[in-house]
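Q: The structure follows.
The values are calculated or read from the model by the stated rules, or taken from the named source; none is laboratory data. The structure presented is a predicted model; accordingly, all values stated were derived computationally and were not measured. Here the Cβ is made from the backbone with ideal geometry for all residues, glycine too, and neighbour counts use every protein chain on show. Side chains included, ligands, DNA and RNA excluded: accessible areas come from the protein's heavy atoms. Shrake-Rupley method; radii C 1.70, N 1.55, O 1.52, S 1.80 Å.
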Amino acid sequence: MFDVIKTYKECLDAGKTERECVRLATSMAEEAGYKPLEDFLNGEKGLKAGDKVYVTYNEKAMALFHMGKESLEKGMNILGAHVDSPRLDVKQNPLYESDGLAYLDTHYYGGIKKYQWVTVPLALHGVIVKKDGTKIDVVIGEKEDEPVFAVSDLLVHLSGQQLEKTAAKVIEGEKLDLIIANTPVEGEEKDAVKQNVLNILKETYDVEEADFLSAELEIVPAGKARDMGLDRSMIMAYGQDDRICAFTSLMAILDIETPDRTAVCLLVDKEEIGSCGASGMESRFFENAVAEVADLAGCKGDLALRRILANSKALSSDVNAAYDPMFPEVFEKKNSSYLSKGLVFSKFTGARGKSGSNDANAEYLAELRNVMDANDVKYQMAELGAVDIGGGGTIAYLLAKYGMEVIDSGLAILCMHATMEISSKADICEAVKGYTAFLTDIK
């Protein structure tokens, strides 16, 4: 348990963006014996049982395959999670000065309560790519001796009118600009603080203002994952939706022996904004990766690919809302998920009338119950909140379009989508145990 929790917290600290998560997962996979697909494409032996291969897309999505003893056409066991989280993104023309303060203009990403992002220490992560192709990694605000950044809020003494607004509008999107400097360059009459920022960027990273045009910079809460509670039973950290499922899925697949059915861990991007784009589940990234692996395994042609996908079984590994005693009115207690009660299975998600949901088959649920019980995995069944209150979605419906069996399975989280989310250490260990059982024992 202690090893799992230690590794998980280290993963959260090292992986605060989708790029960082995929880089970290690649490093961990290679240490466990996985090789990039290109190594097999350049060889002549193809893929056989026991081989470990991974495919990535632009450091934003990744699929790991541990080849099984059975023919790939009998299907795969797939753990699918996402590695993006709600955050603030820096715009393409972001840098400006206003009345002695330099700012970066931002555009929030995913579903956030905007008021939660003000007056908290923030860090800057991402990449800047220059015209010549040089890629510069940026991380500022995570080390103790580094500066942090912040979005300001109105002081309570002057906030009478502000506090009359609804929570959705008390802080508006265009007010989420990041304060990054206050010192002017001597002798500059106009935008002297902005010029100082440009001087620092040139000296530190050798970039110009125009290089923001080809940058991907993300603003995330600064600081490390922390134990929470006098009993240290919980973890408080940024980005646990859905990295808690991504990293436990990764830990599970990296630790198994050669399975009967090919085991897969799929880490994708863009789930928080609809799974769109080339790195999201809506793309053909995963399908193309399976096609390459299938060809190397001797399963040729489109019909074989369709059989592989249709015969596969998947867990859409994503978090569920933990029951919060402070807000009982939005939950239905007997069908809610709880901290420290194990892995969560959700037969359906969606909103209100199950809109946008994948609704898992009862036969598949029965098989999962049997495997979890046989492996002494603690689990619970839950919905996301009370009917008519709201809802949410995952990548489940996008996997289900291939005809495979899919169900949502993740962990209960308090304060989902907040700058800091809360999880249970006991649940994390049950997730690794449950995901391992799924990869090895589902037939």
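Rundown of residues vs (1) closer than 19 Å to LEU267 by Cα; (2) touching a Gly at 6+ places or on another chain (Cβ under 7 Å); (3) in a helix (DSSP H, G or I), yes/no style:
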position: ALA366; (1), (2), (3): no, no, yes
position: ARG369; (1), (2), (3): no, no, yes
position: GLN380; (1), (2), (3): no, yes, no
position: GLU383; (1), (2), (3): no, no, no
position: ASP388; (1), (2), (3): no, no, no
position: VAL406; (1), (2), (3): yes, no, no
position: ILE422; (1), (2), (3): no, no, no
position: CYS429; (1), (2), (3): no, no, yes
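Q: Which pairs do you get when a residue that is of a type outside the set (Val, Ile, Thr), found in segment 283-308, comes within reach of a residue that is part of a helix (DSSP H, G or I) and modelled with pLDDT under 95, reach meaning Cβ atoms under 7 angstrom, with the pair 6+ apart or on two chains?
A: Hits for this filter: LEU296/PHE40.
Q: Hey, can you tell me all the residues within segment 413-428 that are open to solvent by 30 Å² or more (accessible area, probe 1.4 Å) and either more than 14 Å from GLY229 (Cα to Cα) or not hydrophobic (A, V, I, L, M, F, W, C) (or both)?
A: Answer for segment 413-428, where residues must be open to solvent by 30 Å² or more (accessible area, probe 1.4 Å) and either more than 14 Å from GLY229 (Cα to Cα) or not hydrophobic (A, V, I, L, M, F, W, C) (or both): CYS415, MET416, HIS417, MET420.
Q: Being more than 14 Å from THR248 (Cα to Cα) and among the hydroxyl-bearing types (Ser, Thr, Tyr) narrows it down to one of THR56, THR7, so name that one.
A: THR56
Q: I've got another one for you. Looking only at segment 202-216, which residues are in a helix (DSSP H, G or I) and open to solvent by 30 Å² or more (accessible area, probe 1.4 Å)?
A: If the condition is that a residue be in a helix (DSSP H, G or I) and open to solvent by 30 Å² or more (accessible area, probe 1.4 Å), then LYS202, GLU203, THR204, TYR205, GLU209, ALA210, LEU213, SER214 are the ones that fit.
Q: Given (1) under 25 Å from LEU305 (Cβ atoms); (2) at pLDDT 95 or above; (3) small (Gly, Ala, Ser); (4) surrounded by 21 or more Cβ atoms within 10 Å (Cβ to Cβ), where does ALA396 come up short, assuming only one miss?
A: For ALA396, the exception is condition (2).
Q: Restricting segment 1-42 to residues that are modelled with pLDDT of 95 or more and part of a loop (DSSP other than H, G, I, E, B), which is farthest from the chain's Cα centre (by Cα)?
A: My answer is GLY33.
Q: Something else: Here are some conditions: (1) open to solvent by less than 10 Å² (accessible area, probe 1.4 Å); (2) touching a Gly at 6+ places or on another chain (Cβ under 9 Å). GLY223 meets all but one. Which one does it not meet?
A: (1)
Q: Being touching a strand residue (DSSP E or B) at 6+ places or on another chain (Cβ under 8 Å) and over 28 Å from LEU343 (Cα atoms) narrows it down to one residue among GLY68, GLY141; which is it?
A: One residue alone meets the criteria, GLY141.
Q: Looking at ASN196 and the list (1) assigned to a loop (DSSP other than H, G, I, E, B); (2) surrounded by 12 or more Cβ atoms within 10 Å (Cβ to Cβ), which single condition is not satisfied?
A: Failed condition: (1).
Q: Return the residue satisfying two criteria in turn: it lies in segment 261-300 and is assigned to a loop (DSSP other than H, G, I, E, B) and among the small types (Gly, Ala, Ser), and of such residues it is farthest from LEU72 (Cα to Cα).
A: It comes out as GLY274.
Q: Does THR258 count as open to solvent by less than 10 Å² (accessible area, probe 1.4 Å) and either assigned to a helix (DSSP H, G or I) or in contact (Cβ under 8 Å) with a residue 40 or more places away in the chain (or both)?
A: no
Q: Do you know which of the residues in segment 159-171 that are in a loop (DSSP other than H, G, I, E, B) and not hydrophobic (A, V, I, L, M, F, W, C) is least open to solvent (accessible area, probe 1.4 Å)?
A: SER159
Q: Still on this structure: I need the full set of residues from segment 1-31 which are over 17 Å from MET420 (Cα atoms), in contact with a Gly (Cβ under 7 Å, 6 or more places away or on another chain) and among the aliphatic types (A, V, I, L, M), in order please.
A: LEU24
Q: List the residue pairs whose Cβ atoms are under 6 Å apart, where the first residue sits in segment 347-375 and is within 24 Å of GLY392 (Cα to Cα) and among the aromatic types (Phe, Trp, Tyr), the second is surrounded by 15 or more Cβ atoms within 10 Å (Cβ to Cβ) and at pLDDT 95 or above, and the two are 6 or more positions apart or on different chains.
A: Sorted first by the residue in segment 347-375, then by its partner, the pairs are TYR364/GLU405.
Q: Taking the stated definitions as given, is ALA49 at pLDDT 95 or above, over 15 Å from the mean Cα position of the chain (by Cα), of a type in the set (A, V, I, L, M, F, W, C) and open to solvent by 20 Å² or more (accessible area, probe 1.4 Å)?
A: So ALA49 passes the test.
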